[in-house]
Amino acid sequence: MKLNAWTLLFVILCLSTADAGGRTDKAACEAVKQKIREIEARMRNGYSAAQGIRYEARLRTLRDKRYELCRK
C-alpha cells in the first residue's frame, strides 16, 4: 500500500509541475512577442545604419526564441 501512495504522490507532483511549466512558457512567449513588437515600433521611427544592424540582430535572436517557446 505504501508503494501505491508514493507512486500516486509522484504522479501528482509530476502533473502539477508540468502544468506550471506550461504557464511559464506561455508567459515567456508573450514577453518575447512584446519585445519583438517594441523593436519593430522603434524601427518604424527611423534609425541609423548601426542601430539597424543591432535591431536586426536582436530581432533574429528574439524570433528564434519565439519559435522555441511559442510553437508548443
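The values are calculated or read from the model by the stated rules, or taken from the named source; none is laboratory data. On a predicted model such as this, the values are computed, not experimentally measured, just so you know. Because the Cβ atoms are built from the backbone with ideal geometry, glycine has one as well, and the counts that use them run over all protein chains shown.
Would you check if there is a residue in the stretch 55-71 being small (Gly, Ala, Ser), within 10 Å of the chain's Cα centre (by Cα) and assigned to a helix (DSSP H, G or I)?
Pass one, the stretch 55-71, residues small (Gly, Ala, Ser): 57.
Those still in the list that are within 10 Å of the chain's Cα centre (by Cα) too: none.
For the stretch 55-71, residues small (Gly, Ala, Ser), within 10 Å of the chain's Cα centre (by Cα) and assigned to a helix (DSSP H, G or I): absent.
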Margin query: Step by step: first the residues of the stretch 19-38, then only those that are of a type in the set (A, V, I, L, M, F, W, C) and exposed (fewer than 15 other Cβ atoms within 10 Å of the Cβ), then the one that is modelled with the lowest pLDDT. Which residue is that?
Written below: ALA20
